[in-house]
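Structure record follows, encoded as structure tokens.
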Amino acid sequence: MANSNQKKILVSLPNSLLQEIDRIIEVENKNRSEFIKEAMKLYLREKRKVETRETMIKGYREMGVINLALAEMGLSMDVSSLEGYEGKMAEGE
């Protein structure tokens with residue numbers, strides 16, 4: 001019944017885990033294959049979320065360093081401008 005897009009795999013599970021799965025599939029009226037497919041999809045989706053979150057954290061940290069350097073450069077330029085302005089004002093007195 002498997003179509004050409006699907007492959008059968010053999011998975012070994014501890015008996016206690018298999019019993020827990022069997023209890024769930026009985027309640028949800030599913031079979032082991034459906035359960036395993038859903039579990040794998042959920043795992044992969046969550047894995048991608050974690051990887052995306054970690055990538056974003058890394059990016060924000062890197063940008064934090066860059067933003068601090070830019071802010072300090074801008075502050076330095078503002079102070080220089082202010083000093084130049086004050087110097088011109090003092091000359092005018």
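Of everything in the stretch 19-61 that is of a type in the set (Asp, Glu) and under 17 Å from the mean Cα position of the chain (by Cα), the residue that is farthest from Asn5 (Cα to Cα) is Glu54. Restricting to the stretch 15-46, count the residues that are surrounded by 11 or more Cβ atoms within 10 Å (Cβ to Cβ) and not in a helix (DSSP H, G or I). Adding up the residues that qualify gives 1.
On the given criteria, is Gly64 in a helix (DSSP H, G or I), more than 22 Å from the chain's Cα centre (by Cα) and surrounded by 10 or more Cβ atoms within 10 Å (Cβ to Cβ)? No: the conditions fail for Gly64.
Bear in mind that the values in this text are calculations on the coordinates, not laboratory data. If you're wondering where the values come from, they're calculated on a predicted model, not measured in any experiment. Neighbour counts run over all protein chains shown; Cβ positions are idealised from the backbone, glycine included.
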